[in-house]
Amino acid sequence: MTSRALSLPRSTVVALTAVAVLAPVLLIFWQSFLNAPFFNPAHKFGLASYAFIFDDPDFWSALFNSVVIATGMAVIALPLGAALAFLLTRTDLPWQRTIEVLVLVPVFVSPMVLAFGYVVAMGPVGFYSLWAKDIVGDVPWNVYSLFSIAVIAGLTHVPHVYLYSSAALKSLGSDVEEAARVAGANPLQVALNVSLPMTMPALLYAAVLVFFLGFELFGLPLVLGDPEGHLVLATYLYKLTNKLGTPSYHLMAAVAVCIIAVTFPLVLLQRWLLKTAGKYVSVKGKATRQKMLPLGGWKWVALLVVALWLAFTIVVPISGIALRAFVEQWGEGIKLADVLTLENFRQVFDQSDQVRAVVNTFLIGTLGGALAVGCYAAIGLAGHRQHGAVARILDYLVLIPRAVPGLLAGLAFLWLFLFVPGLKELRNTIFSVWLAYSVVWLAYGLRLISGALLQIAPELEESARTVGAAPSRVLKDVTLPLIRFGLLASWLLVFMIFEREYSTGVYLLGQGTEVIGSMLVSLWGAGAIDQVAALSLINIGLVAAGLAVALRFGVRLHE
Amino acid sequence: MNKPGNPLVVENLHLQYGDNPILKGVSMTLEPGEVVALLGASGSGKTTLLRSVAGLEQPSRGRIAIGDAVLFDSAAGIDVPVEKRNLGLVFQSYALWPHRTVFENVAYGLRLRNVAAGEVGDRVTQALTNLGLGALADRLPHQLSGGQQQRVAIARALVYNPPVVLMDEPLSNLDAKLREEARAWLRELIVRLGLSALVVTHDQTEAMAMSDKILLLNFGQIEQQGTPEDMYNRPHTQFTAEFMGSNNRLPGTVTEIAADRALLEGDGFRLWGKPRGKIAVGDRATGIIRLERMRTARDPGENRIPAELVTAMFMGDRSEHLFKLGSLRLRGYGTDTHAAGAGFLELPPDDLWVFATPA
């Protein structure tokens with residue numbers, strides 16, 4: 001459809017989006033060039049903050065650790081994710097349907113919860129560690145080392161690689177593979193000479209994505225890196241809060257700018273890779289039902305490897321949390337039957353702030369999720385069938401929050417609420433957390449919406465126009481009814497993401513703005529392990545409920 | 001806003017995507033009760049022209065009007081929105097709304113025009129009956145066959161009596177067998193209801209069968225327009241001649257011009273033909289002759305060339321023969337017994353058009 005005059009609702013949506021996205025980022029940049037927090041009247045412009053952090057050896061070791069962990073994650077997750085995708089889309093591996101669902105669990109469980117799970121399951125006095133000690137006499141691992149952090153992060157990010165490579169493999173027509181078979185290639189040669197090269201753009205994209213996520217990592221290194229003092233950039237920033245004894249916003253802003261300086265180019269690279277990947281789509285063949293490659297006896301080997309991976313990334317941490325939530329204490333020489341209790345949950349429900357955290361988390365997922373999907377839909381529709389300036393502006397606006405990790409976004413929103421007159425009252429309401437969540441997950445939400453909108457052929461709307469419907473009627477009578485299911489599915493996915501989110505709320509945590517995620521970070525810092533375990537389990541329960549509903553309604557768990 | 005009984009007039013329409021011109025000054029007229037086919041290869045601009053009339057594309061220059069009602073006029077700054085143009089458009093993909101029943105798909109245009117509920121029921125039922133869909137009103141689009149979907153799309157475009165119905169490749173989504181039947185059915189419907197229709201097609205047979213007038217588009221310009229008979233038998237240009245039928249091409253040079261005749265000489269032949277357009281002695285030229293005008297002969301004679309039969313292809317209602325003359329390959333229709341014994345091909349001078357090759 002041709003773009004004519006920009007309508008008022010459309011320009012309003014674009015303007016509001018621009019403010020919500022740009023204001024926090026600009027605030028971070030501005031603050032980073034001050035030599036004191038912005039609310040301090042004595043602040044002056046200058047590069048003092050940068051000079052300070054560049055002079056701090058901790059900054060450099062955090063940067064080094066971030067690079068090591070991000071690289072390690074990509075190296076571990078890429079081959080495993082690609083192999084998993086091949087096994088699940090191209091071979092007769094048993095129980096594929098079940099595995100396909102289980103694979104996605106690490107994506108929806110909060111990394112903070114997972115990290116805590118590894119501590120209580122495999123830490124020096126974790127359940128599995130002590131059982132291992134009973135058998136072999138010593139704990140054969142150390143989850144607090146940099147190497148372990150990279151391995152755990154890598155293994156829990158296998159699903160991200162799996163998602164992109166399986167999508168690429170599914171869209172790859174079987175005819176190109178059959179042509180290779182007919183030409184004389186055996187199954188392994190087909191995989192290596194045809195399937196792998198043709199899915200290379202997707203794999204490359206996944207590699208960059210995992211590296212990028214590694215750079216943003218906060219929960220895992222916060223929990224696992226603490227005992228041995230391994231800092232990454234995000235935890236370095238978090239610890240800076242108290243470094244000088246006073247709020248050192250200017251230093252945090254400088255670190256934030258350094259992180260964005262790495263993540264933003266990575267986001268641009270991902271975008272570019274996604275575009276170039278498109279040219280392979282055009283050469284894809286017909287997607288016909290194809291014969292699955294028989295693995296023969298190897299299928300049990302493959303199944304064992306997949307089961308080991310699932311055990312390590314899902315069973316071990318979650319069982320650890322589940323156990324820890326129901327025991328009074330745990331350590332050497334304690335018998336499980338003696339310490340079983342419901343006391344931890346009673347404690348949670350005795351504390352008004354923790355009750356509020358549970359209620360708020362539920363509300364921010366349900367009501368907040370619906371509201372966020374409403375906003376995403378408004379933005380998606382504002383850019384729908386627009387090819388001019390509007391679409392391009394929205395396109396780039398969406399990229400910005402992607403490059404800002406949740407922790408920084410939460411910090412920026414805190415400043416925004418402190419800084420902008422009139423917003424102060426909202427700072428202590430759950431609205432502040434909701435706004436930060438919605439902006440942080442803007443790109444994800446819009447991808448869900450545009451996925452739904454892409455299903456609508458333009459002719460369906462054009463035909464309504466020719467029959468005599470004005471654009472607003474087309475929206476009401478054709479577009480919205482057709483994306484209704486897509487919107488509901490988006491709501492469920494946004495619910496799970498909002499339940500899982502933890503880092504964005506960290507700096508916004510206050511009376512009235514408690515959510516489980518930020519509460520976990522705060523309780524962990526205070527050493528309240530019992531309540532962390534109970535809240536973690538409640539959090540897992542909320543996510544699991546969302547997952548169950550999504551599966552029940554056949555929602556695709558990824559775009 | 002516009003009533004039946006007025007012609008649709010398109011004047012000097014220009015349209016481009018970026019720097020890429022799609023329409024380069026197209027003018028045409030569609031009289032009431034007439035069917036005009038927009039014919040052309042892909043990329044010729046035929047669908048863009050149709051969508052411009054509908055208001056789905058925005059031309060850069062030109063004028064579109066139905067009688068006094070101006071739909072688009074770049075000079076006057078008029079661009080009536082799609083929904084106010086009151087036209088019917090049948091999409092190539094039919095574009096039925098999957099969430100509405102057949103009845104609701106057809107009724108939508110009437111509801112938008114605030115027609116009373118009872119009248120909506122009557123008119124939709126009438127339209128569905130007209131199109132042989134009476135029993136399917138409560139079905140959803142995905143429960144219909146391709147042919148039925150096409151009829152619903154047509155009913156939806158007709159039900160509010162638009163002055164002109166626009167159709168974008170209405171038959172191309174049907175199976176080859178079904179297409180021929182649908183063509184006859186559609187032509188009958190148009191005649192029976194007295195519709196004015198603008199039909200886009202890339203198939204010259206379809207264009208000739210369905211329309212009163214054909215507009216042949218070539219790279220955004222009208223190559224030639226006229227009745228189907230005109231277009232087929234009296235092409236002005238080589239492009240039109242080649243587009244409208246199955247032909248043999250004989251490249252050569254004009255060596256002599258007599259009254260209404262040109263002598264074309266080429267590799268192994270020397271034939272008199274009928275000059276089309278400006279042509280002079282010494283020009284490079286191409287002879288074009290329809291396959292069905294080729295004759296076989298046993299003996300040499302006027303406008304006959306010796307040719308060797310390469311192979312015969314049985315097509316059911318006739319056979320197609322392939323002849324060889326030096327590097328030339330010539331095809332013709334006929335019976336096998338005739339062709340087998342023939343040593344010569346006759347190309348009647350009236351049927352061999354000679355077009356000068358543009359320098």
**Request:** Identify, among A:Pro37, A:Leu209, A:Ala180, the residue whose Cα sits farthest towards the positive end of the charge dipole of chain A, taking +1 on the Cβ of Lys and Arg and -1 on the Cβ of Asp and Glu, with the dipole about the Cα centre.
**Result:** A:Ala180
**³J(HN,Hα), Karplus 6.51/-1.76/1.60, whole Hz, each residue of region A:470-479, x for Gly, Pro** = 5, x, 5, 5, 4, 4, 6, 9, 10, 4
**Request:** Send over the semi-axes of region B:246-356's equivalent ellipsoid, whole angstrom and largest first, taken as the square roots of 5 times the C-alpha gyration tensor eigenvalues.
**Result:** 25, 13, 12
**Message:** Largest first and in whole Å, what are the equivalent-ellipsoid semi-axes of region B:126-256 based on the Cα gyration tensor, each being the root of 5 times an eigenvalue?
**Reply:** 36, 15, 12
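For every helix of n ≥ 4 consecutive DSSP H residues, a contribution of -39,500 (n - 2.57) applies; sum these over the protein assembly as shown, divide by its total residues, and give [θ] at 222 nm rounded to the nearest 500 deg cm²/dmol.
Per the formula, -17000 deg cm²/dmol.
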**Request:** Please report, in debye to the nearest 20, how large the charge dipole of region A:342-559 is about its Cα centre when each Lys and Arg carries +1 at its beta carbon and each Asp and Glu carries -1 there.
**Result:** 480
**Complete:** Applying the gyration tensor rule to the Cα atoms of region A:212-251 (axes a ≥ b ≥ c; rounded if a/c under 1.5, else prolate if a/b exceeds b/c, else oblate), the class is oblate
**Request:** Report the Stokes-Einstein translational diffusion coefficient (µm² s⁻¹, integer) for chain B, Rh taken as the Kirkwood radius over Cα pairs, at 10 °C with viscosity 1.306 mPa s.
**Result:** 69
**Asked** Which percent, nearest 5, of DSSP beta bridges in the protein assembly as shown are antiparallel?
**Response** 75
**Request:** Report relative contact order for chain A in percent, whole number only (criteria: Cα-Cα under 8 Å, sequence separation at least 6).
**Result:** 21
**Message:** Suppose each label sits 7 Å from its Cα in the direction of the beta carbon; what would the B:Ser93-A:Thr276 distance come out to in nanometres?
**Reply:** 3.0
**Prompt:** In degrees, nearest 10, range 0 to 90: what is the angle between the Cα axis of helix B:176-193 and the longest Cα principal axis of chain B?
**Reply:** 60
**Request:** Within a 10 angstrom radius of each residue's Cβ in B:80-91, how many Cβ atoms of other chains show up on average? Whole number is fine.
**Result:** 5
**Message:** Rounded, prolate or oblate for the protein assembly as shown? Axes are the square roots of the Cα gyration tensor eigenvalues, ordered a ≥ b ≥ c, and the cut-off for rounded is a/c under 1.5.
**Reply:** prolate
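If I take every Cα pair under 8 Å that is 6 or more residues apart in chain B, average their sequence separation and divide by the length, what percent do I get for the relative contact order?
Computed over chain B, the figure is 15 percent.
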**Message:** Distance between the C-alpha centers of region B:208-232 and region A:409-423? Whole Å please.
**Reply:** 67
**Message:** Output the 0 to 90 degree angle, nearest 10, between the alpha-carbon long axis of helix B:102-112 and the longest principal axis computed from the alpha carbons of chain B.
**Reply:** 70
**Item:** Extension gain, A:Ser352 back to A:Leu426 (0.36 nm per residue minus Cα-Cα distance, nm)
**Value:** 24.6 nm
**Message:** Just to verify a number: FRET efficiency for B:Leu291 and A:Ser11, C-beta to C-beta distance, R0 = 60 Å, to 0.05?
**Reply:** 0.50
**Prompt:** What is the gain in length, in nm to one decimal, between A:Glu178 and A:Leu480 on full extension, counting 0.36 nm per residue of separation less the C-alpha to C-alpha distance?
**Reply:** 104.6 nm
**Request:** Would you work out the charge dipole size for region A:339-413 about its Cα centre, treating the Cβ of every Lys and Arg as +1 and the Cβ of every Asp and Glu as -1, and quote it to the nearest 20 debye?
**Result:** 360
**Request:** Take A:His384, B:His321 and order them by how many other Cβ atoms sit within 10 Å, fewest up front.
**Result:** A:His384, B:His321
**Message:** Can you compute 3J(HN,Hα) from phi for each residue in region A:484-501, using the Karplus curve 6.51 cos²θ - 1.76 cosθ + 1.60 with θ = phi - 60°, rounded to whole Hz and x for Gly and Pro?
**Reply:** 3, 5, x, 5, 4, 4, 4, 4, 4, 5, 5, 4, 5, 5, 6, 5, 7, 4
**Dipole magnitude of region A:374-477, debye to nearest 20 (Cβ charges: Lys/Arg +1, Asp/Glu -1, about Cα centre)** = 200
**Charge dipole of the protein assembly as shown about the Cα centre (unit charges at C-beta), most positive-ward option of A:Pro265, A:Pro197, B:Tyr232** = B:Tyr232
**Fill in**
Around B:Glu223 (Cβ within 15 Å, Cβ-to-Cβ, excluding B:Glu223; K/R +1, D/E -1) the net charge comes to +3
**Asked** Got a sec to turn the phi values of region B:231-242 into Karplus ³J(HN,Hα) couplings, 6.51 cos²θ - 1.76 cosθ + 1.60 with θ = phi - 60°, whole Hz, x for Gly and Pro?
**Response** 4, 7, 9, 10, x, 7, 10, 4, 4, 4, 4, 6
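Just in region B:74-173: which trypsin sites (Lys or Arg not before Pro) are loop by DSSP and have at most 14 other Cβ atoms within 10 Å?
Sites meeting the loop and neighbour criteria: B:Arg113.
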**Message:** Over the Cα atoms, compute the radius of gyration (one decimal) and Dmax (the largest Cα-Cα distance, rounded to a whole number) for region A:456-559, in Å.
**Reply:** 20.6, 66
**Message:** Just to confirm the number: angle between the C-alpha axis of helix B:117-130 and the first principal axis of chain B, 0 to 90 degrees, nearest 10?
**Reply:** 20
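Report the gain in length on full extension from B:Val310 to B:Val191: 0.36 nm times residue separation, minus Cα-Cα distance, nm rounded to one decimal.
Result for the pair: 38.3 nm of gain on full extension.
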**Spacing of the two label points (7 Å from each Cα toward its C-beta) at B:Asp203 and B:Glu31, in nm** = 2.8
**Message:** Of A:Leu537, A:Val67, A:Ala457, which is farthest towards the positive pole of chain A's charge dipole, taken about the Cα centre with +1 and -1 on the beta-carbons of Lys, Arg and Asp, Glu respectively?
**Reply:** A:Ala457
**Fill in**
Across A:472-483, the residue-averaged tally of Cβ atoms belonging to other chains within 10 Å stands at 2
**Message:** Can you give the FRET efficiency to the nearest 0.05 for A:Phe264 and B:Asn161, using r as the Cβ-Cβ distance and R₀ = 45 Å?
**Reply:** 0.20
**Item:** Subset of A:Lys44/A:Lys239; B:Lys24/B:Lys278; A:Lys170/B:Lys46; B:Lys213/B:Lys274 violating a 30 Å alpha-carbon distance limit
**Value:** A:Lys170/B:Lys46
**Request:** Identify the residues of region B:226-248 with backbone N under 17 Å of a label point that sits 7 angstrom from the Cα of B:Arg284 along the Cα-to-Cβ direction, or state none.
**Result:** B:238-239
**Message:** Give me the one-decimal nm value for the distance between modelled label points at B:Asp68 and A:Leu22, 7 Å along each residue's Cα-to-Cβ direction.
**Reply:** 4.9
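Based only on other Cβ atoms within 10 Å, what is the fewest-to-most ordering of B:Ser145, A:Ser32?
Result, fewest neighbours first: B:Ser145, A:Ser32.
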**Message:** Using alpha carbons only, how many angstrom separate the centre of region A:197-268 from the centre of region A:50-124?
**Reply:** 14
**Asked** How well do other chains shield peptide B:155-168, expressed as the mean number of their Cβ atoms within 10 Å of each residue Cβ?
**Response** 1
**Message:** I want to verify a result. In a Gaussian network model of chain B, Cα cutoff 10 Å, which of these has the top mean-square fluctuation: B:Phe314, B:Phe323, B:Phe219?
**Reply:** B:Phe314
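Every number in this text was worked out from the coordinates using simple rules, so none of it is lab data. This structure is a prediction, so every number in the text was calculated from the model and none was measured. Backbone-built Cβ (ideal geometry, glycine too); neighbour counts: all protein chains shown.
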